[in-house]
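To start, the structure under review is shown below, and the notes come after it.
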Amino acid sequence: MSIATKRGDGGQTGLAGGIRVSKADLRVESYGTVDELNTFLGFARCICQNAEIKEWTETIQRALFRLGSALATPPESKKTPPVISLEEVAMLTDLVHRIEAIEGILSDWSLPGAHPESAAFEVARTVCRRAERNAVRFVENGGTIKPEIIAYLNRLSDVIWLFGRLIEFNAGVDARLRDETKIGPKWSRAW
């Protein structure tokens, strides 16, 4: 059997359970953006030299396959959607706290592009934020998903941002947005 079924040639796609919808459907946009996020994380992981970040990223990518599948499963489907658990959201929260606890890692907003590996994670972070916005838009337009999905995406963007900071920190790269001429409280307006 070929992957070129031609069933999507008219602008429709199949959701989990065989339900056909427009490829422009907000549900499709939501899980499609999660797929894009997973791909960018895969790129970031393949160029990352930090073994721990690579391992964390692979675990996240596996969860994103389930999350995308959950988004692709409408309530009327006979298929049971995969679950993103509160424990998985808590695992990301714990990871945020673990990285934040490193002395000196949080100094200010960062300017993307100071290091190739962290820049790849920055791209993934922005796609994660878009995936979150798309999921919220889907819900606000009447779609039904488990709240853990949005919580997971929200926490994940924090984690991905911190991966970039950890890479830069370990490489001795200063990517702070402000220099000594722009003083003020941490995280205040830098411009």
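Points to keep in mind about this one:
- What the chain shows is 56 Å² of accessible area per residue, with the surface traced by a 1.4 Å probe over protein heavy atoms.
- Here the peptides 30-37, 96-103, 144-151 are ranked by packing, the mean other Cβ count within 10 Å, and the order with the highest first is 30-37, 144-151, 96-103.
- Karplus 3J(HN,Hα) series, Hz, for the range 148-158 with 6.51 cos²θ - 1.76 cosθ + 1.60 (x for Gly, Pro): 4, 5, 5, 4, 4, 5, 4, 5, 4, 5, 5
- Summarised as an ellipsoid, the chain has semi-axes of 35, 17, 16 Å, derived from the eigenvalues of the Cα gyration tensor scaled by 5 and square-rooted, with the largest first.
- Order by protection proxy (mean Cβ within 10 Å, highest first), peptides 80-86, 160-166: 160-166, 80-86
- For the range 62-105, the ratio of Cα radius of gyration to the globular rule of thumb 2.2 N^0.38 Å stands at 1.64.
- Summarising the amide proton neighbourhood of I19: residues at separation of 5 or more, or on other chains, whose placed amide H is nearer than 5 Å comprise an empty set.
- Summed side-chain charge close to D94 - residues other than D94 whose Cβ falls under 13 Å, Lys, Arg +1, Asp, Glu -1: -2
- Residues whose amide H falls under 5 Å from that of S110, counting only those 5 or more places apart or on a different chain, are L177, with hydrogens built in the peptide plane.
- Under Karplus coefficients 6.51, -1.76 and 1.60, residue-wise ³J(HN,Hα) of the range 140-145 in Hz, glycine/proline x: 5, 9, x, x, 10, 9
- Share of carbon and sulfur in the accessible heavy-atom surface of the chain [1.4 Å probe, %]: 55 percent
The values are calculated or read from the model by the stated rules, or taken from the named source; none is laboratory data. Just so it is clear, the structure is predicted and the values come from calculations on it, not from any experiment. Cβ sites come from the backbone with ideal geometry, for glycine too, and all protein chains shown count toward neighbours. Calculation scope for accessible area: heavy atoms of the full protein, side chains included, ligands and nucleic acids excluded. Shrake-Rupley method; radii C 1.70, N 1.55, O 1.52, S 1.80 Å.
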